[in-house]
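Novice: My questions will all concern the structure given below.
The numbers here are math on the coordinates, done by the rules we state, and not lab data. A quick note: this is a predicted structure, and the numbers were derived from the prediction, not measured. Cβ coordinates were reconstructed from backbone atoms using ideal geometry, including for glycine residues, and neighbour counts include every protein chain displayed.
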């Protein structure tokens, strides 16, 4: 626990100033985190040729920084770019004549990984450019939800909800986390973003708190399938980038999909 707390403090010391500064420094941090997250996913495809790995990092970086690279203020990526990426991965099947190093399963895995990491981290940059309080709102939901779900679940959790995916997740923890995330997130949104319709804010925040917990379960499902404890040991006591950002990625994507920001 001590190691976990120290790591969390260090992360906040690094993250908060860059979040406040925004612009290129924040985008650089998000790009770095995105590249690490991609590396954590590519470890499950150990035999990939090095040039395929390099191409994947380039494609993902372009998606993460797309709006900055092409001076596009909207959350939008040219559909031609989106079509080009899977096309190249599939064409490589013809030129890499080695099923053990690269096959159609690898191609579709890379397509999914590139799009998911690229667009998800692009989301975070877009939201920060839109306004710092949007990310404060979303991080507030996920942090308070995770914290109270862990604290209450570890002490009072008796009813397991997804034991085959995450044995430590309990109904009591999920309810406590949802309540804490919803209340804190609603207050942040109401006082810092908009106070037009409190009912919609509460419903939206409640939904995002639940989505964050589902994102955490998705991560647990992947780790259970791959038989690993964490995606990496980059952050002592926390695991890897995907171990820490799983909830916020799902919450940010969902917020963009159901809100009217652009």
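Novice: Kindly put 40, 226, 172 in sequence by how many other C-beta atoms sit within 10 Å of each C-beta, fewest to most.
Specialist: By the 10 Å Cβ count, ascending, the order reads 226, 172, 40.
Novice: Moving to a separate point now. Restricting everything to alpha-carbon atoms, can you work out Rg to Rh for the chain with a Kirkwood hydrodynamic radius?
Specialist: Dividing the radius of gyration by the Kirkwood radius yields 0.98.
Novice: How many angstrom lie between the Cα centre of the stretch 53-129 and the Cα centre of the stretch 21-40?
Specialist: If we compute the Cα centre of each part, the gap is 15 Å.
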